[in-house]
1. Just wondering, is there one or more residues in the stretch A:236-257 that are facing chain B (nearest Cβ under 8 Å) and in a helix (DSSP H, G or I)?
2. Return the total of residues in the stretch A:62-107 being of a type in the set (Gly, Ala, Ser) and either facing another protein chain (nearest Cβ under 7 Å) or over 30 Å from B:Ile394 (Cβ atoms) (or both).
3. Looking at B:Leu410, B:Leu468, B:Leu431, which is the one that is open to solvent by less than 10 Å² (accessible area, probe 1.4 Å) and either on the phi < 0 side of the Ramachandran plot or modelled with pLDDT under 95 (or both)?
4. Considering only residues of the stretch A:11-33 that are open to solvent by less than 50 Å² (accessible area, probe 1.4 Å) and within 10 Å of another protein chain (Cβ to nearest Cβ), which is farthest from B:Ile524 (Cα to Cα)?
5. All but one of (1) within 15 Å of B:Leu391 (Cα to Cα); (2) more than 10 Å from every other protein chain (Cβ to nearest Cβ); (3) free of Cβ contacts under 8 Å to residues at least 60 places away in the same chain hold for A:Leu47; which doesn't?
6. One residue is enough: does the stretch A:226-233 have a residue meeting the conditions among the basic types (Lys, Arg), over 18 Å from A:Tyr179 (Cα atoms) and part of a loop (DSSP other than H, G, I, E, B)?
7. Taking only pairs six or more apart or across chains, which ones have beta-carbon atoms under 6 Å, a first residue in the stretch A:276-305 that is under 18 Å from A:Glu176 (Cβ atoms) and not assigned by TED's automatic domain parsing to the domain that holds A:Ser215, and a second residue that is open to solvent by 10 Å² or more (accessible area, probe 1.4 Å) and of a type in the set (S, T, N, Q)?
8. Please state which of the following conditions A:Asp234 fails to meet, knowing it meets all the rest: (1) buried (at least 22 other Cβ atoms within 10 Å of the Cβ); (2) out of contact with any Leu (no Cβ under 8 Å at 6 or more places or on another chain); (3) under 29 Å from B:Arg490 (Cβ atoms).
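The values are calculated or read from the model by the stated rules, or taken from the named source; none is laboratory data. Please read all numbers here as calculations on a predicted model, not as lab measurements. No Cβ is skipped: glycine too gets one built from the backbone with ideal geometry, and neighbour counts run over all protein chains shown. With ligands, DNA and RNA removed, areas are computed over all heavy atoms of the protein, side chains included. Shrake-Rupley method; radii C 1.70, N 1.55, O 1.52, S 1.80 Å.
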Amino acid sequence: MYGFLIAVGVLLLLSIIWMVYRIQTLVSVVKGSDKKVVTGSNKVNALMFILFLVGAGGLMFWYSIKEFDNYNLPVASEHGVVTDQLFWVTMAVTGIVFIITHILLFIFPYKYQYSERRTASFYPDNNKLEVIWTVVPAIVLALLVIGGWRAWTDITAPAPENAHVVELMGYQFAWEVRYPGMDNVLGANDYRLTNASNVSGVDFTDRNSLDDFSSPVVYIPKGEPVLFKIRARDVLHSVFAPHMRLKMDAVPGMPTRFWFVPTKTTAEMRAELNNPEFNYEIACTEICGRGHFSMKREIVVVEPDEFRKWVADQKPYIVNNPALVADLPLELKELAEITISEYK
Amino acid sequence: MATAESALHNATAHDHHDHEHHDNFITKYIFSTDHKMIGKQFLVTGIFWAIIGGALSIIFRLQLGFPDMELHWLKPLLGGWIDEGGKLDPNFYLALVTMHGTIMVFFVLTAGLSGTFSNYLIPLQIGARDMASGFMNMLSYWLFFVSGVIMFISLFIETGPASGGWVVYPPLSALEQAMPGSGLGMTLWLISMTFFIASSLLGGINYITTVINLRTKGMSFSRLPLTIWAFFLTAVIGLLSFPVLFSAALLLVFDRSFGTSFYLSDIYIGGEALPNTGGSAVLYQHLFWFLGHPEVYIVLLPALGITSEIIATQSRKPIFGYKAMIISMLGIAILSFVVWAHHMFVSGMNPFLGSIFMFLTLIIAIPSAVKVFNYLTTLWRGNLIFTPGMLFSIGLVSFFISGGLTGIFLGNSAIDIQLHDTYFVVAHFHLVMGSASFFGLMAGVYHWFPKMFGRMMDARLGYIHFWLTFIGVYMVFFPMHYIGIAGFPRRYYSWTNFEFTNMYTDLNMFVSAAAIITFAAQAIFLFNFFYSMYRGRKAPMNPWRSTTLEWTTPVNPGHGNWPGEIPAVYRWPYDYSKPGAAEDFIPQTVPLSATPESNLPHEQELVKLEKEIIAEEEAMLVADETKTV
C-alpha cells in the first residue's frame, strides 16, 4: 500500500516538475530570451558563487573547529609527533592557498559577470607572472619536501640495536604476534612448516626459536625502541597503528619492518583522554578479503619494568605444546627439553 | 610539398561534396566509421556505465551510512548477496567497491571522456574530414563495447565480480581461495581489461596520427586549441602506459592459470602451502602504478583541456598563458611517468625509493599550480557568461584546487604513513580526479551538445543540475577528509570493530544522504540530455560565439564535416575581446589581413607573409582548375 502511495506521489511530483519545465520554456520563448547573450540567470548564478563561498566556507570552519578533538587522534610515538607537525604545517600552507584561490575563484564570477557595457580585457600572457607563480610554489614545495624527507629518512633508518623485536604476521583474518623471548632474536620460519599448531611456521630446528612465544596482544614498553617485523602468509595485509602513526604493508614472501618509540602507556593515555576504556589498536589497511574490516589486535604500552616482568612470565611455544619439538633431531630435542623444564 | 598537400585537399574536397553518402541504419548508427558518430557512441556508452558505477556506489554508501538498514528490497537485484537478515554480504561489498572503481576510472572517465571528445573534437577542431583511420576508430569503439559486455556479465555470475579493489593486487586477486571474487569474476575482469587496453591503444594511435598529420592549412601546433593539445598528450600517455598494464595483467593471468610465480611467494592459504616461491607481490604494484598514475592524467588532462576552452570562450577572453598551459601539460605528461611509486610508500619497497619519488611527486604539483593560476587570471576582468558548461568548468577548477592541495600531503612520504589507504586518500582522488574529470565531461557535453545534436540543452535545467551536483559532491567528499584524518581505513565494510573508528556514524550518514541526492540529481541531466536531443531548441551555427573551427561547420555536419573545402586557419584560437575588433571574437578562419584594425604589432608583420601565401595558393588553385579542365 505504502509502495503504491509513494509511486503515486513520485508520479505527481514528476508531472508537476514537467509542467513547470514546459511553462518556463514557453515563457522564455515568448520573452525571446533565447536570442539574448545572457538572461537574468547569469546574475543568479554569479550570486550563487558568493553564497556558496560564504556558506560552504562557514560550514568548513565551524565543523573543523567543533570536531577538532574528534578527528585529531592523540599521538603516542616519537616520530608521530614529527609527522603530525609536518601534517599541520602542510595544512597551514595549503589551507592559506585553498582559501585565497577559492575566494578569487568565486568572487571573480560575481565581479566580472557579463555586462553589455563592458568588454573583457585582452590579456593573453605575462611572463613575469608565470615565472613568479612557478618559482614561488617550487620554493614552498621544496621546503615542505625537505622537511618530509628528513623525517622519512629518520623513520625508515635501521632500528637501534636494543630495539625490542615483535613479529606481526597477517593472515586471513587476524594478526599473529610472536616474541623472540629472552634472546631478543626471532627463530627462523618457513611457510611450509605452517599448520594448525604452528600458525607462524616457526622452524624449531633453529635454536633461537626455542624461547619464542606468542601473545594475544602486542605488549610493548614505553620510551624504548620497538621493532615490528612484519610479514604475511596468504595475501597482502597492512599493519596500521593509528595512534603510533605507523603503517607498513605485510607482504607474503617479503618481510618488512617498522620501528618506533612509544611515548605514552595505555594507562597514561586513558588518563589523558579521560576514557578508562581506551586501547591502542592495530587495524589492517590493505584489502585482504571478506574479513578485512575486522583484523584487530590490541597494543598495550606499559612501563619498561612491567614489560620485562611480562616477558619473563611468558611461556614459549614449545612449553605450551611440547609436541612441536617431538620430531626434532636428538641433540636439539634435548636442548628443547631443558628449556621446557626450565620454565616448569 | 605544399603542392602535394593542396592537391590532396582538393581531391578530398571533391570526393566529399560531389556525391551524397547513403548510409543505412547499420552503417550509420552501429558500425559507423564517422568520428562524430563514434564519439557519440562513446558518450552514450559512457553515460550508461556512469549510471551503473554510480548506482553501485549508492549501494555501498547505504551500507556505510545506514549499517542497520534492512536491504531486503534489493534482493530482486542482488539475490544471495543479501542475507536472511537483510544485510549486505561483506564479500559483495568489496565487489561493489572494486567494480565502482574499475567502471568509473576506465569505462566512464577514460572511454567516456577521452573517447567521446577526442573522437568528436579532434577532426572538427583541427580541420580534418575524419580520423586518420575510420576503421580503426570503429574497432576501438567495438572493442570497448565487448570489454563492457564482459564486465557487465561478470556482475551477475554466482561468485561475484572481481573484488580485490580496482587495483586488483595479487596474491588476493591471484588466488581463488582468497575470496570468491578472485575466481571467474577476476578472469572476466582480466579478459575485459585486455579488450579495453586494445581499444584505448587503437584510439590513441588514431588521435596522435590525426593530430600530427591531418591539421588543416595554417593550423600549426602553436595554433591548436588547448583541447587538442590535451587530447594529444593524453593519447601519448595512454599509448606509453597501457601496454604496461597489459603486461601486468598478462603475468597475473600466468600466475592464476599456468602455475608461474611472478607475483606469488611463500603462501599458505586454505590449509595448504602453495609451491610458488621467488615471486614478488610488489612487482605487480610497480607495473600497475606505472599505468595507474599516468591514468590519473589520462582522465584529467582532457577535462582540463575542455575547461581551458570553455573558460576562455565564456569569459570572452583569451586563455591566460597559452604557452604556459601547453608547457604545464607537457610537464605533467612527462612527470606522470616518474611518480608512480608514491602509491607505494608503505608497500615495503626500499625507503630510499620513497625519498626519490617524494621529490618527483611534489615537482608535478608545480605545473598543476601554474594551470590553476592561469585559470584564475583568465577569469579576472573577463565578461563572464554562465552557461552550464562554464559553471561546470569553474566547478572543475574548484575541485582541482581542493583535491590537488591534499595531494601535497599524500605525496609527502612521512605524512603519507598515517594517511595512506585512509578516507583522506578517498577524498583526495575523488575530488581531483573523479569529480574534476566528471565535471570536465559534463562541461564538454553541455558545451558541444549543440554541435553534436544540432539542438540546445535547456540551460535552466543545466543550472539546477550544476548546483545540486557541485554542492552535492562537496558534501560527499569534503567530510571524508575529517574521517580520513581520524584514520578510518578504506574498503571497510563496517566501523564498529575498532574503537578509533567507532564514531562519525552521523557524518557517514550525512555523506551517504548527500551521495544519494547527488546521484538522483543526475536524472535532471539525463532528462535534459535525451529530451533535448529530440525536442531541444534548434541550435544556431555558433551558439557560444566561439573562435574554433568546429563552429564553422553546418549545424548538423555531414560526412566529411565541411561541405566545401576545409577552411584554412590564420590565427590562434583565443582572439576574444581583441581591442579594436568589431565583435568580441574573431574566428580562426578570419585572415589577419582582414582585421587590420585589431592586429597586434607582431601580427601586422605576419600580414605580409600571409598575403603572399594566399596569392600563391590562389595561383595554384587556378593552375589546378586549368589542369582538370
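1. There is at least one residue in the stretch A:236-257 that is facing chain B (nearest Cβ under 8 Å) and in a helix (DSSP H, G or I).
2. The total comes to 3.
3. Numbers: B:Leu410 fails: open to solvent by less than 10 Å² (accessible area, probe 1.4 Å); B:Leu468 fails: open to solvent by less than 10 Å² (accessible area, probe 1.4 Å).
Checking each option against the conditions leaves just B:Leu431.
4. A:Ser33
5. (3)
6. Filtering the stretch A:226-233 for residues among the basic types (Lys, Arg) gives A:229, A:231, A:233.
Filter once more, so that each one left must be over 18 Å from A:Tyr179 (Cα atoms): none.
No: the stretch A:226-233 contains no residue that is among the basic types (Lys, Arg), over 18 Å from A:Tyr179 (Cα atoms) and part of a loop (DSSP other than H, G, I, E, B).
7. none
8. Only one criterion is unmet by A:Asp234, namely (2).
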